[in-house]
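Working notes, beginning with the structure itself.
The values are calculated or read from the model by the stated rules, or taken from the named source; none is laboratory data. Source: prediction; values computed, not measured. A quick note on method: Cβ atoms are made from the backbone with ideal geometry, for glycine too, and the neighbour counts reach across all protein chains shown.
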Amino acid sequence: MTAHAPTIASEEGAFTPEVIASHGLSGTEYGRVLDILGRTPNLTELGIFSVMWSEHCSYKSSKKWLRTLPTEAPWVICGPGENAGVIDIGGGLACIFKMESHNHPSFIEPYQGAATGVGGILRDVFTMGARPIANLNALRFGAPEHEKTRHLVSGVVAGIGGYGNCIGVPTLGGECTFHSSFNGNILVNAMTVGVAPADRIFYSSAAGIGNPVVYVGSKTGRDGIHGATMASAEFSEDSEEKRPTVQVGDPFTEKLLLEACLELMATDAIIAIQDMGAAGLTSSSFEMASKGGVGIGLDLDLVPVREDGMSAYEIMLSESQERMLMVLREGAEDAARSVFDKWELDFAVIGRITDTGHMVLTKDGTLAADLPIAPLVDSAPEYDRPWSPPPAPAPVPAIENGKAPSTNDALLALLATPDACGKRWVWEQYDHMVMADTVQRPGGDAAVARIHGTDRGLAMTTDCTPRYVAADPRTGGRQAVAEAWRNLTAAGARPLAVTDCLNFGSPERAEVMGQFVGAVEGIGEACRALDFPVVSGNVSFYNETQGRVIQPAPQIGGVGLIDDVGRMVTPALKTDGEILILIGETRGHLGASLYLREIVGAEAGAPPPVDLAAERRNGDFVRGLIGGGLVTACHDLSDGGLLIGVAEMVLAGDTGATLEAPSAMAAHEYWFGEDQARYVVSASASSQAAILERGEAGGVPLTILGTTGGDALTAGGGPPISIEDLRAAFERWLPGYMDDEG
Amino acid sequence: MKAAVIVFPGSNCDRDIQVALAASLGHRPQMIWHGESKLPALDLIVVPGGFSYGDYLRAGAVAAKSPVMAEVAARARAGVPVLGVCNGFQILIEAGLLPGALMRNAGLRFVCREVYLRVENAGSVFTQGYNVGDVIRLPVAHLDGNYFADEGTLDALEDADRIAFRYCAANGGAHANNNPNGSARAIAGVFNEGKTVLGMMPHPERLADDRLGGNDGRALFDGLVGTLAGAQ
């Protein structure tokens, strides 16, 4: 490419304010476009600005706050800014992982929306050279009685399974809860974890003037145009007319793309690689050029297309799935092409790296766009949006003596609630055993996948409690991180790093921005205190429909390492006659609890405080017990509190338990309070003394809860509840709900 | 003993069964790309699970037309043992090596869970590591595993002792709740006439290692290796 001169005339004249607004650009932003170009953009160029400056791609409202998060640790190889985060897991291996939202598409077309969410996050991970080893997710649906909920649950779960099952990556864990704030805007967050050789990580920074720019994967069609813009605006009544902006997934092609990319990555052909996700060819080409400080010239006539007559605008903005853009070493084209030929995928050299600093696009032999890369990327708008501190939560209503249901009734009722009940109906639709390394299956605290060919394991979890974040964003942010850290710890893992997926309403509302600012602050505090850096993430704003804002959900995906999967523990009680020990302090905190919402009917109160020093101390203590082989089962306490936690342990291991009554607290506070930094462990009588001694030495509060054994759960001297009755309550709700066609 | 695993575009249990077989064999079986039209001398051919060709058209239908399948069929006719698991079972049916059809699960949803199986015939090269009536635990993971054949075919299969495994309760009894996909007569695996070809929906390679929660699948691979290696 030769020296650059602007040659695009303003042939289309000035755009009307409506056209500019329909591209999601404000008047001020359009003014900045004119300043950068020194002329009027053409429609293709306007479309490119539109997606590059969308909230989804530019993080313009969140950047200021995301910068405050801790992103470094000695084991972090690559933090935020690349396709996914990379950490060192020893043995010459790296773990690459990220979580991302696909909320709006999943509401409009649940099967394809969720499926392509999985496909997109898988590509983010294998783009960097990793073989994906696990998928996780976090799903937030509307109230069960809402007319759309059943249809959305059915489609989303089938879509997640449809994609993951076909590509052959096990779906190992996740969350699935229900609340009316998600009636018009569900959340579908997907996370992928992969493993790569630590010295073979692939990045997206383009380099080498003259090197070929190569397009591989599926052909480009007209699907998904302006998906990123859709994700950057709130929903309205006619959002379902946007169904054509939802992409259609093809997991079979993605499987071929995965194998072909990994095969090519074993050679030295690739200089840089980037998947075409949101904003497709536009985003991938601009990001690669911008990171490398180079220009790119593309001939759009060479892009493999699915149909004739596609315009430059459509080709650049399509979000067709299962595509990658690569910069190859000059001369490596033929060897690379033969790999993609073997896998029957399109392979096309569509351009070259240039020294112009411009993105120059030609179509039908004429110039279709000519945009300076650095100004477009670096001058992306950044906002310091006004925010207001969250209001104080409503006070917890007094529960009159004698009005509270019996402990047993409350337990059985809670176990059968949509949020606390068993989610077998969901995870049995996910292949969670393919790859034959699943050593802890769904349903426990963390999922654990063995690192192939070793005895080491990766523990993984996704966590957030939206009702806590709604009541107090900062505490809720801290709690989401702490719970992820506890879940990994409870399996015996050393927590290493997190990815976040921050789901909020419109940042243009001060109260939503206040939630965001508070939650990010809380996440930062917890991640610093727990040495648990944020290595990748995603922000999803505008989760609201017709003014109804979702409960904020800063979802945390955590990854930890287990040195010997033979020492891992699960929540399952397996042996009669063991001692159950509670680790951590119980104060009976009922604010924002599941008990309060489901049994009392009040969404009120502040969430339980999160004492990060106590989290650290108690968690490190538990990990020591597990590593020392002193406990046979472990479970962290979260939603529903102590008794729900023990009931889950009983159900998981089909072994009963008998628990002593509390001494100095109302029964419902003791059994169902959601105090943080707590775990329940089971240990043989012979380990008891050693555990108590260690606890005393470490200043860790320990309480002997009772013993294991029998075929019932007996709490505080009440009538025993048979495991059969517990199981019936726990397993009843979801299949019953889904089978009821309404 | 020489064993090979056939790899189709979209196979995804190829590595899993390679690992499980290797544990019994002592060496890794060869992986053979579907585009090959010649096979080396082999004592065992495995058609693995997955989503060959994305299950497009019909599960197994496209893979059954792959170049390598003509050669697999020829070897099967010559008596070389062929094992098809899950999508491999679907492919063997589509290739005409086994009778019947595998339809959409009765529940219409993908199902991944452990099931109990009763061993119906322990006289084959695949099942001699078990005893007739043994109840074993293996996972299933499929959307199209609902075995169907007309009544005459089912009767003939039973008469010729060609049912390898049936879904059952933990105690070996029959109950509709234990049939994960609605298969006719709870059939989970069938043989060809010579009992040298076995197709089964459950995955023995996924529970052939105690670390994964069980090893009831291991006897299938050990039995195969014991016989085939010993026969050389």
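I'd like the residue in region A:570-601 that is out of contact with any Lys or Arg (no Cβ under 9 Å at 6 or more places or on another chain) and over 29 Å from A:Phe178 (Cα atoms) and, out of all such residues, is nearest to the other protein chains (Cβ to nearest Cβ).
Only one residue tops the list, namely A:Lys574.
Can you tell me which residue in region B:185-228 is nearest to B:Ala122 (Cα to Cα), limited to those that are charged (D, E, K, R) and within 13 Å of chain A (Cβ to nearest Cβ)?
Here the residue is B:Arg218.
If A:Glu254 passes every condition in (1) buried (at least 22 other Cβ atoms within 10 Å of the Cβ); (2) over 24 Å from the mean Cα position of the chain (by Cα) but one, which one does it miss?
Single failed check for A:Glu254: (2).
Within region A:475-495, is even one residue touching a His at 6+ places or on another chain (Cβ under 7 Å), of a type outside the set (Ser, Thr, Tyr) and away from every other protein chain (no Cβ under 14 Å)?
The answer is yes; a qualifying residue exists.
Answer yes if at least one residue in region A:427-438 is in contact with a Phe, Trp or Tyr (Cβ under 6 Å, 6 or more places away or on another chain), over 30 Å from A:Val517 (Cα atoms) and either in contact (Cβ under 8 Å) with a residue 60 or more places away in the chain or not β-branched (Val, Ile, Thr) (or both), and no otherwise.
Looking for residues that are in contact with a Phe, Trp or Tyr (Cβ under 6 Å, 6 or more places away or on another chain), over 30 Å from A:Val517 (Cα atoms) and either in contact (Cβ under 8 Å) with a residue 60 or more places away in the chain or not β-branched (Val, Ile, Thr) (or both), one finds at least one in region A:427-438, hence yes.
Pull out all pairs, ordered by first then second residue, where Cβ-Cβ is under 6 Å, the residues are six or more apart or on different chains, the first lies in region A:588-617 and is on the phi < 0 side of the Ramachandran plot, and the second is surrounded by fewer than 20 Cβ atoms within 10 Å (Cβ to Cβ) and basic (Lys, Arg).
A:Glu603/A:Arg597
Do we find a residue being of a type in the set (A, V, I, L, M, F, W, C) and surrounded by fewer than 24 Cβ atoms within 10 Å (Cβ to Cβ) anywhere in region A:180-191?
Within region A:180-191, none of the residues are of a type in the set (A, V, I, L, M, F, W, C) and surrounded by fewer than 24 Cβ atoms within 10 Å (Cβ to Cβ).
Can A:His151 be described as surrounded by fewer than 20 Cβ atoms within 10 Å (Cβ to Cβ), more than 14 Å from chain B (Cβ to nearest Cβ), at pLDDT 95 or above and assigned to a helix (DSSP H, G or I)?
Considered against the rule, which asks whether it is surrounded by fewer than 20 Cβ atoms within 10 Å (Cβ to Cβ), more than 14 Å from chain B (Cβ to nearest Cβ), at pLDDT 95 or above and assigned to a helix (DSSP H, G or I), A:His151 comes out as yes.
For (1) among the basic types (Lys, Arg); (2) in a strand (DSSP E or B); (3) more than 25 Å from A:Asp275 (Cα to Cα); (4) modelled with pLDDT under 95, each residue gets a yes or a no:
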site	(1), (2), (3), (4)
A:Ile133	no, yes, no, no
A:Asn137	no, yes, no, no
A:Ala143	no, no, yes, no
A:Glu147	no, no, yes, no
A:Gly164	no, no, no, no
A:Met191	no, yes, no, no
A:Ala206	no, no, no, no
A:Ile209	no, no, no, no
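In region B:125-149, which residue that is crowded, with 20+ Cβ neighbours inside 10 Å, in contact with a Cys (Cβ under 9 Å, 6 or more places away or on another chain) and aliphatic (A, V, I, L, M) is farthest from B:Ala219 (Cα to Cα)?
B:Ala141
Please work out if A:Gln274 is under 12 Å from A:Val216 (Cα atoms), touching a helix residue (DSSP H, G or I) at 6+ places or on another chain (Cβ under 8 Å), among the polar types (S, T, N, Q) and assigned to a strand (DSSP E or B).
yes
For region A:545-593, give me each residue that is under 23 Å from A:Gly514 (Cα atoms), surrounded by fewer than 24 Cβ atoms within 10 Å (Cβ to Cβ) and among the aliphatic types (A, V, I, L, M). Full working, then the answer.
Here is the first cut: in region A:545-593, the residues under 23 Å from A:Gly514 (Cα atoms) are A:545-557, A:591-593.
Filter once more, keeping what is surrounded by fewer than 24 Cβ atoms within 10 Å (Cβ to Cβ): A:545-549, A:591.
Listed by number, the list holds a single entry, A:Val549.
Is it the case that region A:668-678 has a residue that's closer than 28 Å to A:Leu414 by Cβ, modelled with pLDDT of 95 or more, touching a strand residue (DSSP E or B) at 6+ places or on another chain (Cβ under 6 Å) and not charged (D, E, K, R)?
Checked region A:668-678: no residue is closer than 28 Å to A:Leu414 by Cβ, modelled with pLDDT of 95 or more, touching a strand residue (DSSP E or B) at 6+ places or on another chain (Cβ under 6 Å) and not charged (D, E, K, R).
I need the full set of residues from region A:564-576 which are more than 26 Å from A:Ala190 (Cα to Cα) and either of a type in the set (S, T, N, Q) or within 25 Å of the chain's Cα centre (by Cα) (or both), in order please. Before the answer, list the steps.
As a first pass, look at region A:564-576 and keep what is more than 26 Å from A:Ala190 (Cα to Cα): A:564, A:566-567, A:572-576.
A:Thr575, the sole residue that qualifies.
Restricting the first residue to region B:1-27 and requiring it to be over 19 Å from B:Cys86 (Cα atoms), which pairs with a second residue that is polar (S, T, N, Q) meet a Cβ separation below 9 Å and a spacing of at least six or different chains?
B:Met1/B:Gln232; B:Lys2/B:Gln30
So which of A:Gly142, A:Gly85, A:Gly47, A:Gly117 ends up being in contact (Cβ under 8 Å) with a residue 40 or more places away in the chain, within 20 Å of A:Gly161 (Cα to Cα) and buried (at least 20 other Cβ atoms within 10 Å of the Cβ)?
Selected residue: A:Gly117, the only one of A:Gly142, A:Gly85, A:Gly47, A:Gly117 that is in contact (Cβ under 8 Å) with a residue 40 or more places away in the chain, within 20 Å of A:Gly161 (Cα to Cα) and buried (at least 20 other Cβ atoms within 10 Å of the Cβ).
Answer with yes or no whether B:Ala20 is within 14 Å of another protein chain (Cβ to nearest Cβ), within 26 Å of B:Ala219 (Cα to Cα) and either at pLDDT below 95 or in contact with an Asp or Glu (Cβ under 7 Å, 6 or more places away or on another chain) (or both).
Yes.
Table: residues versus (1) touching a Cys at 6+ places or on another chain (Cβ under 9 Å); (2) in a loop (DSSP other than H, G, I, E, B); (3) acidic (Asp, Glu).
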{"site": "A:Gly619", "(1), (2), (3)": "no, no, no"}
{"site": "A:Gly629", "(1), (2), (3)": "no, yes, no"}
{"site": "A:Cys634", "(1), (2), (3)": "no, no, no"}
{"site": "A:Asp639", "(1), (2), (3)": "no, yes, yes"}
{"site": "A:Val646", "(1), (2), (3)": "no, no, no"}
{"site": "A:Leu651", "(1), (2), (3)": "no, no, no"}
{"site": "A:Thr655", "(1), (2), (3)": "no, yes, no"}
{"site": "A:Thr658", "(1), (2), (3)": "no, no, no"}
{"site": "A:Ala661", "(1), (2), (3)": "no, yes, no"}
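Scan region A:396-411 for residues that are in contact (Cβ under 8 Å) with a residue 40 or more places away in the chain and under 22 Å from A:Ala604 (Cα atoms) and report the count.
Of the residues in region A:396-411, 9 are in contact (Cβ under 8 Å) with a residue 40 or more places away in the chain and under 22 Å from A:Ala604 (Cα atoms).
I want to confirm something. Restricting to region A:399-436 and keeping residues that are assigned to a helix (DSSP H, G or I) and among the aromatic types (Phe, Trp, Tyr), which single residue is farthest from B:Pro139 (Cα to Cα)?
A:Trp425
Please list, ordered by first then second residue, the pairs with beta carbon atoms under 7 Å, 6 or more apart or interchain, first in region A:269-289 and under 13 Å from A:Gly120 (Cβ atoms), second in a strand (DSSP E or B).
Matching pairs, first to second residue: A:Gln274/A:Leu325; A:Asp275/A:Met324; A:Met276/A:Arg323; A:Met276/A:Met324; A:Met276/A:Leu325; A:Ser284/A:Gln274; A:Ser284/A:Asp275; A:Ser284/A:Leu325.
Residue by residue through region A:392-445, note down the ones that are within 14 Å of chain B (Cβ to nearest Cβ) and in contact with an Asp or Glu (Cβ under 8 Å, 6 or more places away or on another chain).
A:Gly422, A:Arg424, A:Val434, A:Met435, A:Ala436
If I filter region A:551-567 down to residues being more than 14 Å from every other protein chain (Cβ to nearest Cβ) and among the small types (Gly, Ala, Ser), which single residue comes out as nearest to B:Asp210 (Cα to Cα)?
Taking region A:551-567 as the starting set, the residues that turn out to be more than 14 Å from every other protein chain (Cβ to nearest Cβ) are A:551-561, A:563.
Add one more test, that the residue is among the small types (Gly, Ala, Ser), and what stays is A:553, A:557-558, A:560.
Details: A:Ala553: 38, A:Gly557: 28, A:Gly558: 27, A:Gly560: 23 Å.
Out of the qualifying residues, it is A:Gly560.
Collect the residues in region A:288-344 that are within 14 Å of chain B (Cβ to nearest Cβ) and either surrounded by 22 or more Cβ atoms within 10 Å (Cβ to Cβ) or assigned to a helix (DSSP H, G or I) (or both), keeping them in residue-number order.
Narrowing region A:288-344 to residues within 14 Å of chain B (Cβ to nearest Cβ): A:321-322, A:338-344.
The answer is A:Gln321, A:Glu322, A:Ser338, A:Val339, A:Phe340, A:Asp341, A:Lys342.
Per-residue answers, yes or no, for (1) hydroxyl-bearing (Ser, Thr, Tyr); (2) within 14 Å of another protein chain (Cβ to nearest Cβ); (3) more than 22 Å from B:Asp16 (Cβ to Cβ); (4) touching a residue at least 60 places away in the same chain (Cβ under 8 Å):
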residue	(1), (2), (3), (4)
B:Ala61	no, yes, yes, no
B:Arg75	no, no, yes, no
B:Ala78	no, no, yes, no
B:Val82	no, no, no, yes
